[in-house]
1. Tell me which of these residue 348 doesn't satisfy, since it passes every other one: (1) without any contact (Cβ under 8 Å) to a residue 40 or more places away in the chain; (2) within 16 Å of the ligand (Cβ to nearest atom).
2. For the range 148-184, give me the residue count where each residue is part of a helix (DSSP H, G or I) and modelled with pLDDT of 85 or more.
3. Find the residue count for the range 322-340, including only residues that are within 12 Å of the ligand (Cβ to nearest atom) and assigned to a strand (DSSP E or B).
4. Which count do you get for residues in the range 418-458 that are loosely packed, with under 15 Cβ neighbours inside 10 Å, in contact with a Lys or Arg (Cβ under 7 Å, 6 or more places away or on another chain) and part of a helix (DSSP H, G or I)?
5. Return the pairs, sorted by first residue and then second, in which the second residue is of a type in the set (Ser, Thr, Tyr) and at pLDDT below 80, the first residue lies in the range 180-206 and is in the same structural domain as residue 167 (by TED's automatic domain parsing), the beta carbons are less than 6 Å apart, and the residues are 6+ apart or on different chains.
6. For the range 132-151, indicate whether the set of residues that are within 28 Å of residue 29 (Cα to Cα) and acidic (Asp, Glu) is non-empty.
7. Evaluate the following for residue 268: is it at pLDDT below 90, in the same structural domain as residue 330 (by TED's automatic domain parsing), open to solvent by 60 Å² or more (accessible area, probe 1.4 Å) and farther than 21 Å from residue 377 by Cβ?
8. Scan the range 330-348 residue by residue and report those that are buried (at least 16 other Cβ atoms within 10 Å of the Cβ) and on the phi < 0 side of the Ramachandran plot.
Amino acid sequence: MNSDTIAAIATFPGNAGINIIRISGDGALEIAEKIFVKNGSKTEGSKLKPRYLHYGHITDQDNKVIDEVLLSYMKGPGTYTREDVVEINCHGGIISAKKILETVLFHGCRPAERGEFTKRAFLNGRIDLTQAEAVIDIINSKTDSSHAISVNHLEGRLSREINEIIEKIMQILANIEVNIDFPEYDEDQITISMAREFCSEVLVKINKLIETADTGKIFKEGIKTVILGKPNVGKSSLMNFLLNENRAIVTEIPGTTRDTIEEYVNIKGVPLRIIDTAGIRDTDDAVEKIGVEKALSKVGEADLVMMIFDSSRELEEEDEKILDYIREKKTIFIKNKTDLETRLDLSGQKEIESEVINISVARNQGLDEIMEKISSMFFQGTINLDSQLIINNARHKSLLVNAKRNLEEVLKSIDNDMTIDFVEIDLKEAMENLGLIVGKSVSDDLVDKIFNEFCIGK
Ligand code: GDP
């Protein structure tokens, strides 16, 4: 167990009701008692009762009261980190929490690194790596659906599935080892046919998981969408409609000016991540109105393009330029302003004509069809997020793909009558790849990398 004690503000300091300072490690209680005053008396050395909410005050090095607080002490190992944990609830705002943290640090612990509480939960065996990764995904969830997928992982459902597969592979390996060590006790053929059967079974399970990864990515990251069309076709009107109905969250991408803004739109549980909305929304801005160049520059990274035509205007060079640009992209073609007299002729573009969706944002017509189209483009059949296990982490997916390749090699070796040691090598590799998903024998570097994505105090 880690012996050094760490502390951090676990809440988001600002104008909120409370803030929580969290301390974890062998020294947690001792430090807390040095600064906690209850019923007017210092609690140093008093061994505060565990799992109680104690009312009192925190004082600084000069015994000056910093704030009125509620303090809890939870003795390890039945805690989040499996270590002794103290949590101090103080008033909200920036100053109280910051001062209390400074005092705690003064008394002999160090600031926690990003995700270090959860990292300790992992290193001390309370949760495995998929569960730790689920914690960060829950924090970062933008929609109910991505939250539901991650909660499933936190509950350990993915870990159970992976561990069951690992156990199956171990059974095959055990049989093979008996066969190698005591060839007289087993018959090659029985081991081989069992290996084939088990491997095929395991491959079905792994393939099923891999197949969910695209859906998982969409729910986690949103469908990166660019809305394109020459000026005045109704991009901003459509955008506003989507936002008014379904706005989820706005994010400004760090390090850029306000001209790259993303909006998450939650459509029937499907998150759309509409990029470069600044260019679309600034309708009063003459410069933004002029070209489509800027939006086009975003097409490369998009999963989906919504290309809007103006039904009341003829097809123009600018439309064709956009069409040229997006040929390779998943695109929804939309004809807006169908409430006006039609001048647009798409008969020269048969494919587009056959699938274009007619809408009028002004009259609120045809918009549901866009939603349905998105749904059918990205999801086959219905997805039950509560019961279905969905891979939403690129690391998990790539390890599953590696394990799949290993097992396919096993089957190939069997079919080619290779010696049993060949089979064994690939089986072991498959097992290692799957083990890495749940965090068995992962490198320190990888662990550091994963937890670095967390926020401080988690
Ligand atoms: P953008 O330049 O592509 O973002 O286009 P806007 O959304 O700013 O729309 C340009 C103009 O078309 C505005 O005056 C809108 O009110 C109008 N408009 C948008 N959608 C419709 C529609 O369905 N019918 C009609 N008649 N006008 C529309």
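The values are calculated or read from the model by the stated rules, or taken from the named source; none is laboratory data. Quantities reported herein were computed from a predicted structural model and do not represent experimental measurements. When we count neighbours, we look across all protein chains shown, and the Cβ atoms used for this are built from the backbone with ideal geometry, even at glycine. Surface accessibility is based on the protein's heavy atoms, side chains included, excluding ligands, DNA and RNA. Shrake-Rupley method; radii C 1.70, N 1.55, O 1.52, S 1.80 Å.
1. It is condition (2) that residue 348 fails.
2. Kept after step one, since they are part of a helix (DSSP H, G or I), are these residues of the range 148-184: 148-154, 157-181, 183-184.
Filter again for modelled with pLDDT of 85 or more, leaving 148-154, 157-174.
Adding up the residues that qualify gives 25.
3. Of the residues in that region, 3 qualify.
4. The total comes to 1.
5. none
6. no
7. Values: at pLDDT below 90: yes; in the same structural domain as residue 330 (by TED's automatic domain parsing): yes; open to solvent by 60 Å² or more (accessible area, probe 1.4 Å): yes; farther than 21 Å from residue 377 by Cβ: no.
Against the criterion (at pLDDT below 90, in the same structural domain as residue 330 (by TED's automatic domain parsing), open to solvent by 60 Å² or more (accessible area, probe 1.4 Å) and farther than 21 Å from residue 377 by Cβ), residue 268 does not qualify.
8. Quick first cut of the range 330-348, residues buried (at least 16 other Cβ atoms within 10 Å of the Cβ) only: 331-338, 344, 346.
Once the filter is applied, which keeps residues that are buried (at least 16 other Cβ atoms within 10 Å of the Cβ) and on the phi < 0 side of the Ramachandran plot, the range 330-348 yields 331, 332, 333, 334, 335, 336, 338, 344, 346.
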